[in-house]
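The values are calculated or read from the model by the stated rules, or taken from the named source; none is laboratory data. Values in this document were obtained by computation on a predicted structure and should not be read as measured data. When we count neighbours, we look across all protein chains shown, and the Cβ atoms used for this are built from the backbone with ideal geometry, even at glycine.
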Amino acid sequence: MPELPDLTIYLDALRARLVGHTLRSVRVHGIALLRSYDPPISEAQGREVTGIGRIGKRVVLDLAGDLHLVIHLMIAGRFRWLQPDKKPPGRITQATFSFDHGTLVLTEAGKKRRATLHLVRAEELRVHDRGGVEPLGISLAEFRAAITRENRTLKRALTDPRFLAAIGNSYSDEILHRAGLSPVKRTGQLKPPEVQRLHAATQEVLTEWIDRLREQTGDTFPKKVTAFRPEMAVHGRYGKPCPACGGNVQRIVFAERETNYCPACQTSGKLLRDRALSQLLRKDWPRTLEELENRRRS
């Protein structure tokens with residue numbers, strides 16, 4: 001699922017191409033994509049795009065007449081920009097937004113169709129706001145208040161859209177590694193220096209990745225929007241060396257969500273329990289990296 005850095009790059013590209021241009025037509029191909037009916041989607045046609053914004057992980061196209069297209073890409077949704085003489089791809093195209101100088105295409109790969117499209121009036125935008133504060137630019141006090149609203153694990157607190165906006169599985173792993181904190185540590189157990197480290201890591205990681213992706217993308221339209229990048233420290237790097245200490249990156253999996261972490265840097269060498277596997281192994285579950293390596297050798 002595109003998170004804050006990738007969404008920021010999308011917004012840059014959309015602003016440069018769409019603001020001030022008239023949306024000539026909208027075609028919805030995916031039967032599960034359009035989730036609103038009043039106003040009808042045809043009302044978007046013939047209106048100028050006046051702005052591009054974001055509500056959490058939702059991309060918002062502001063239209064003249066106080067209407068707004070709200071698009072949630074979910075896990076596999078992506079944008080493409082095509083020149084007027086280019087045809088959109090076949091089965092993965094879910095919607096096309098045609099302009100005189102090109103076409104914005106919403107695609108979604110895979111069998112599960114989770115991306116959503118709404119056309120709403122201004123007063124209905126708040127329905128799509130989950131309430132999380134924007135993580136960049138907030139003070140330490142605001143950050144502390146957001147993540148400690150409930151006593152959750154740090155992984156859950158960082159990714160809950162009610163607490164912080166637009167952080168997901170990928171960048172939460174990177175933030176926690178930078179902060180040197182365990183993903184399963186409870187927010188209620190955080191000490192003031194740990195909150196400071198987490199706040200600083202959140203600002204640093206997101207800002208660094210926005211700058212990096214902007215440099216990589218330049219003036220082109222983003223083509224490689226992915227949760228897995230080779231420059232990442234731990235996310236998607238299970239079994240590979242941690243760039244900070246050289247130890248192997250580990251993982252836990254729960255509800256189709258994989259969390260990557262470095263035991264040496266984040267958990268004082270302790271291996272976190274993968275719920276399914278640890279229940280299977282029970283007493284045979286290795287508690288430390290040393291135990292894990294000994295069992296591998298034996």
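Condition check ((1) more than 20 Å from Thr153 (Cβ to Cβ); (2) surrounded by fewer than 14 Cβ atoms within 10 Å (Cβ to Cβ); (3) modelled with pLDDT under 95) across all residues:
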position: Pro193; (1), (2), (3): no, yes, no
position: Leu198; (1), (2), (3): no, no, no
position: Glu204; (1), (2), (3): yes, no, no
position: Thr217; (1), (2), (3): yes, no, no
position: Phe228; (1), (2), (3): yes, yes, yes
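Filter the range 132-163 for residues that are more than 20 Å from Arg257 (Cα to Cα) and of a type in the set (Phe, Trp, Tyr) and give the result.
Once the filter is applied, which keeps residues that are more than 20 Å from Arg257 (Cα to Cα) and of a type in the set (Phe, Trp, Tyr), the range 132-163 yields only Phe143.
Restricting to the range 129-153, name every residue that is among the aliphatic types (A, V, I, L, M) and surrounded by 13 or more Cβ atoms within 10 Å (Cβ to Cβ). Walk me through it before giving the result.
The first filter runs over the range 129-153 and keeps only residues among the aliphatic types (A, V, I, L, M), leaving 133, 136, 138, 140-141, 145-147.
Hits for the range 129-153 are Val133, Leu136, Ile138, Leu140, Ala145, Ala146, Ile147.
This table checks each residue for (1) in a strand (DSSP E or B); (2) within 18 Å of Leu7 (Cα to Cα); (3) not aromatic (Phe, Trp, Tyr).
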| residue | (1), (2), (3) |
| --- | --- |
| Arg27 | yes, no, yes |
| Ile31 | no, no, yes |
| Asp38 | no, no, yes |
| Glu43 | no, no, yes |
| Phe79 | yes, yes, no |
| Lys87 | no, no, yes |
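Looking at the range 206-243, which of its residues are of a type in the set (Asp, Glu), outside any loop (DSSP other than H, G, I, E, B) and in contact (Cβ under 8 Å) with a residue 60 or more places away in the chain? Break it down stepwise before answering.
Taking the range 206-243 first, the residues of a type in the set (Asp, Glu) are 208, 211, 215, 219, 231.
Those left that are additionally outside any loop (DSSP other than H, G, I, E, B): 208, 211, 215.
Answer for the range 206-243, where residues must be of a type in the set (Asp, Glu), outside any loop (DSSP other than H, G, I, E, B) and in contact (Cβ under 8 Å) with a residue 60 or more places away in the chain: there is none.
Just checking, does the range 148-158 include any residue being out of contact with any strand residue (DSSP E or B) (no Cβ under 8 Å at 6 or more places or on another chain), outside the structural domain of His68 (by TED's automatic domain parsing), at pLDDT 95 or above and β-branched (Val, Ile, Thr)?
The answer is yes, given that some residue of the range 148-158 is out of contact with any strand residue (DSSP E or B) (no Cβ under 8 Å at 6 or more places or on another chain), outside the structural domain of His68 (by TED's automatic domain parsing), at pLDDT 95 or above and β-branched (Val, Ile, Thr).
Here's a check for you: in the range 161-185, which residue that is in a loop (DSSP other than H, G, I, E, B) and over 11 Å from the mean Cα position of the chain (by Cα) is farthest from Ala264 (Cα to Cα)? Don't jump to the end; show me each part of the working.
Within the range 161-185, the subset in a loop (DSSP other than H, G, I, E, B) is 161-163, 165-168, 180-185.
Next cut, over 11 Å from the mean Cα position of the chain (by Cα) only: 162-163, 180-185.
Values: Arg162: 31, Phe163: 28, Gly180: 9, Leu181: 11, Ser182: 10, Pro183: 13, Val184: 15, Lys185: 15 Å.
Here the residue is Arg162.
From Arg126, Arg186, Arg121, which residue is surrounded by fewer than 16 Cβ atoms within 10 Å (Cβ to Cβ), touching a Leu at 6+ places or on another chain (Cβ under 7 Å) and of a type in the set (D, E, K, R)? Before you say what the answer is, go through the steps one by one.
Working: Arg126 fails: touching a Leu at 6+ places or on another chain (Cβ under 7 Å); Arg186 fails: touching a Leu at 6+ places or on another chain (Cβ under 7 Å).
It is Arg121.
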